[in-house]
Amino acid sequence: MYDKKSQDYREKQSEIQDRMRNLQKADEEYYVTAKYILDVANRAYDVFVSSEPDIKRQILKLILQNCEIDNGNLRYSLNYPFSAIFSYTKCHNWLLG
């Protein structure tokens with residue numbers, strides 16, 4: 001009986017350790033991905049300016065939707081997640097409480 005319970009405990013312990021490793025790996029990948037996205041966003045202007053017209057069109061298509069020119073004014077909507085990022089720039093109180 002003891003050997004069986006001990007084996008069950010070791011299996012559960014091993015399973016929990018595997019889950020913890022997977023969570024830690026996912027957490028590290030999340031931060032690497034977030035860092036990469038922020039780095040690209042910081043260089044977005046330089047990348048856009050130095051790109052060929054076809055690449056510029058693709059970038060604009062990714063970011064914008066419903067582009068219209070109305071009496072010389074450009075009207076557009078932002079695609080998600082850019083719309084969310086833009087709305088966060090209007091928020092002055094990011095850390096509530």
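Being surrounded by fewer than 10 Cβ atoms within 10 Å (Cβ to Cβ), charged (D, E, K, R) and either over 22 Å from the mean Cα position of the chain (by Cα) or not assigned by TED's automatic domain parsing to the domain that holds residue 85 (or both): is that true of residue 18 here?
no
Looking at 28, 52, 11, 68, can you tell me which residue is of a type in the set (Asp, Glu), surrounded by 10 or more Cβ atoms within 10 Å (Cβ to Cβ) and modelled with pLDDT of 85 or more?
Result: 11 is the single residue among 28, 52, 11, 68 that is of a type in the set (Asp, Glu), surrounded by 10 or more Cβ atoms within 10 Å (Cβ to Cβ) and modelled with pLDDT of 85 or more.
The values are calculated or read from the model by the stated rules, or taken from the named source; none is laboratory data. None of the values given here were measured: they were computed from a predicted structure. FYI the Cβ positions are ideal-geometry reconstructions off the backbone, even for glycines, and counts take in every protein chain you see.
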